[in-house]
Amino acid sequence: MQRSSNAKTGNDLLDAMPPGSVERLTPHLEPFALVLTKPVDPVEHVYFPIAGMISVVATMANGAAIEVGMIGREGMYSVSAILSDNLPFQSAMVQLPGHALRLRTRLLRQEMQAEAVLQKLLLRYTQATLNAVAQLAACNRLHLLEQRCARWLLACHDRAEADAFPMTHEFLAMMLGVRRPGVTLAARSLQTKGLITYKHGTMTVLDREGLEAVACNCYRVIKNEFACLLGRSPIA
């Protein structure tokens, strides 16, 4: 796809890259549809979401799964391409439909080797991603389910860029690594407080500030990690 080197791609990480790298990589960026619940294959490409969201999921031997990362327009999937030729052992699926730009992994790695500034940016992105994974691990162990549910819905709301987005209790339970009855109770509590509403597979955020008050501090910690990477002001 052809694009002026001064134009924004719509993906924050791509737009933060050195102008020379963007100019060289732009002809190789391909539009890619993010289709709800469909897997994202990291074998030959990396993906830069423009709209929508990709969830990275760790699956245990017994089939139990939990989300260990989410990627929207602030980043890319997968960071494994930055570190080595090895494929990630986690799987990834589309959580919110939208579209992305994809790039062959070998081209990104070639550009990293040629451009030190790009390599530094992507290594900082990897560090931010690892810090977010560590924060989520602590959150899943130490915080109440209602707090975690509010944190997750806020992160999803950020990437949906709309108050209403598709979501089922089954999917939310899988993302949080809990049984459906537990997440149903947590969502019902948030709904009773007038913070969200849920109907026919659609979640709607009614009171963003109220949801932030319920959520654990992990939401702010993770959001500020990526804000720092992209040169943005942290949230209080």
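The values are calculated or read from the model by the stated rules, or taken from the named source; none is laboratory data. In this text, all values refer to a predicted model and were calculated from it rather than measured experimentally. Here Cβ is always computed from backbone atoms with ideal geometry, including for glycine, and neighbour counts include all displayed protein chains. Remember, those area values only see protein heavy atoms, side chains included, never the ligands or the DNA or RNA. Shrake-Rupley method; radii C 1.70, N 1.55, O 1.52, S 1.80 Å.
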Original post:
Can you work out the FRET efficiency for the pair THR59 and GLU23, with r the C-beta to C-beta distance and R0 = 45 Å, to the nearest 0.05?
Top reply: 0.70
Subject >> Cα gyration tensor, the stretch 114-165 - rounded (a/c under 1.5), prolate or oblate >> reply: oblate
**OP:** Kindly report the accessible area of the chain per residue (heavy atoms of protein chains, probe 1.4 Å, no ligands, DNA or RNA), in Å².
**Re:** 49
Subject >> Per-residue SASA entry for SER80, accessible area with 1.4 Å probe, Å² rounded to 10 >> reply: 30
Subject >> ³J(HN,Hα) computed for each position of the stretch 44-50 - Karplus, 6.51 cos²θ - 1.76 cosθ + 1.60, integer Hz, glycine/proline x >> reply: 10, 10, 10, 10, 10, x, 9
Original post:
Residue by residue, what Karplus-based ³J(HN,Hα) values in Hz, rounded to whole numbers, does the stretch 141-148 have, using 6.51, -1.76 and 1.60 with θ = phi - 60° and x for Gly and Pro?
Top reply: 8, 10, 9, 5, 4, 5, 5, 5
**OP:** Measure off 7 Å from each Cα along the Cα-to-Cβ vector at ARG180 and LEU87, then give the distance between these two points in nanometres to one decimal.
**Re:** 3.0
Original post:
Between GLY231, MET93, ASN217, whose Cα lies farthest towards the positive end of the dipole of the chain when Lys and Arg beta carbons carry +1 and Asp and Glu beta carbons carry -1, centred on the Cα centre?
Top reply: ASN217
**OP:** Using a cut-off of under 18 Å, list every residue of the stretch 143-164 whose amide N is near the label point 7 Å from the Cα of LEU230 along the Cα-to-beta-carbon line.
**Re:** 152-163
**OP:** Within the stretch 1-94, report the chymotrypsin sites (Phe, Trp or Tyr not before Pro) that DSSP leaves as loop and that have at most 14 other Cβ atoms within 10 Å.
**Re:** PHE89
Original post:
Given the convex hull of the Cα atoms of the stretch 116-234, what is a quarter of its surface area in nm²?
Top reply: 7.6
**OP:** Provide the FRET efficiency to the nearest 0.05 for the ASN217-VAL43 pair, computing r from the beta carbons and using R0 = 35 Å.
**Re:** 0.40
Subject >> Contact order relative to length of the stretch 1-149, as percent, for alpha carbon pairs under 8 angstrom and 6 or more apart >> reply: 28
Subject >> Helix-derived mean residue ellipticity, 222 nm - over the chain, DSSP H n ≥ 4, -39500 (n - 2.57), to 500 >> reply: -14000 deg cm²/dmol
Original post:
Got a number for carbon plus sulfur as a percent of the chain's accessible area, 1.4 Å probe?
Top reply: 55
Subject >> Within the stretch 159-182, backbone nitrogen closer than 11 Å to the virtual label 7 Å beyond the Cα of ARG188 toward Cβ >> reply: 181-182
Subject >> Within a Gaussian network of the chain (alpha carbon springs, distance under 10 Å), most fluctuating of SER91, SER78, SER189 >> reply: SER189
**OP:** Would you kindly state how much longer the chain becomes between THR126 and ALA138 on full extension, computed as 0.36 nm times their sequence separation minus their alpha carbon distance, in nm to one decimal?
**Re:** 2.5 nm
Subject >> Relative contact order for the stretch 100-236, counting Cα pairs under 8 Å that sit 6 or more residues apart, in percent >> reply: 28
Subject >> Ratio Rg/Rh, restricted to the chain and using Cα atoms, in which Rh is the Kirkwood radius >> reply: 0.97
